[in-house]
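Below you'll find the structure, written out as structure tokens, and then a few comments.
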Amino acid sequence: MSFDLWLVFVAVSLLPAISPGPGVMLAISNTLRFGRNATLASASGNAAGLVIIGYAVAFGFGALMATSAFAFTVLKFIGAAYLIYLGLKVWRDKSSFEVTSGALATRKSPWKLFLEAFLVSVTNPKAILVITALFPQFMRAQGIDLVETSILSFTYAALCYANHAMIAFAGNHLRRFLTSARRIRWVRRVTGGLFVGFGSALATASR
């Protein structure tokens, strides 16, 4: 892949990389609940999931998802159920988004944060279909090129990681607004509701 073509890929990938979705909502939630380092851990999990999707698309999984209604439906409902679970968990956790000093202590290990974001990433049909539509436009027609696949996969994952990292650093400023129990309650309900909304939309979405 030439450097010029790679720059085109970066430019085309920016919008889907920063567009709101389950991964972005999880990054915002983790930033407000646990702080910067927790979000960076979950951002790594999200990026790892995207890299795996990139390789899977190169080896034909994306084509299967695009043509098999059953495979798409199974993954869609798995992802939807997990997002709804996360939303209900945030909604019910009354300690979420507290601004006391103890709230910033990571109540989940970095590994759990990584795994949670990884599962959100690999079970998100939207991410799979975006990569399926995007990557082939920049891949050679003569079979699988692992170097090329690696460049595309790690570049897209890095863009998404950078977006989540920006959220992590901006989140510390957002926390300053959470100075009352009433604001915390509304942020918790809105965040939980958005997760449930994403899950419900995903469950009813078609290709």
_Members of the stretch 135-148 that are assigned to a helix (DSSP H, G or I) and surrounded by fewer than 19 Cβ atoms within 10 Å (Cβ to Cβ)_ = PRO136, GLN137, PHE138, LEU146, VAL147, GLU148
*Exactly one of (1) at pLDDT 80 or above; (2) crowded, with 21+ Cβ neighbours inside 10 Å is unmet by ALA170. Its number?*
(2)
_Being among the small types (Gly, Ala, Ser) and free of Cβ contacts under 8 Å to residues at least 40 places away in the same chain is the filter here; which residues of the stretch 109-131 pass it?_
SER109
*Filter pass, LEU113 being of a type outside the set (S, T, N, Q) and either modelled with pLDDT of 75 or more or outside any helix (DSSP H, G or I) (or both)*: yes
*Would you be able to tell me the number of residues in the stretch 18-30 that are at pLDDT below 85, of a type outside the set (A, V, I, L, M) and in a helix (DSSP H, G or I)?*
2
_Suppose we keep only residues that are modelled with pLDDT of 90 or more and not aliphatic (A, V, I, L, M) within the stretch 116-148. Which one would you say is nearest to the chain's Cα centre (by Cα)?_
SER121
*Members of the stretch 32-47 found to be modelled with pLDDT of 85 or more and not hydrophobic (A, V, I, L, M, F, W, C), listed by number*: ARG36, ASN37, THR39, SER42, SER44, GLY45, ASN46
*Mind checking which pairs have a first residue in the stretch 31-42 that is without any contact (Cβ under 8 Å) to a residue 40 or more places away in the chain and a second that is surrounded by fewer than 20 Cβ atoms within 10 Å (Cβ to Cβ) and of a type in the set (A, V, I, L, M, F, W, C), Cβ under 7 Å, 6 or more apart or different chains?*
none
_Residue list for the stretch 173-193, restricted to those being among the polar types (S, T, N, Q) and either modelled with pLDDT under 70 or loosely packed, with under 14 Cβ neighbours inside 10 Å (or both)_ = THR179, SER180
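The values are calculated or read from the model by the stated rules, or taken from the named source; none is laboratory data. Just so we're clear, the structure is a prediction, and the values are computed from it rather than from any experiment. Please note: Cβ atoms are built from the backbone with ideal geometry, for glycine as well, and neighbour counts cover all protein chains shown.
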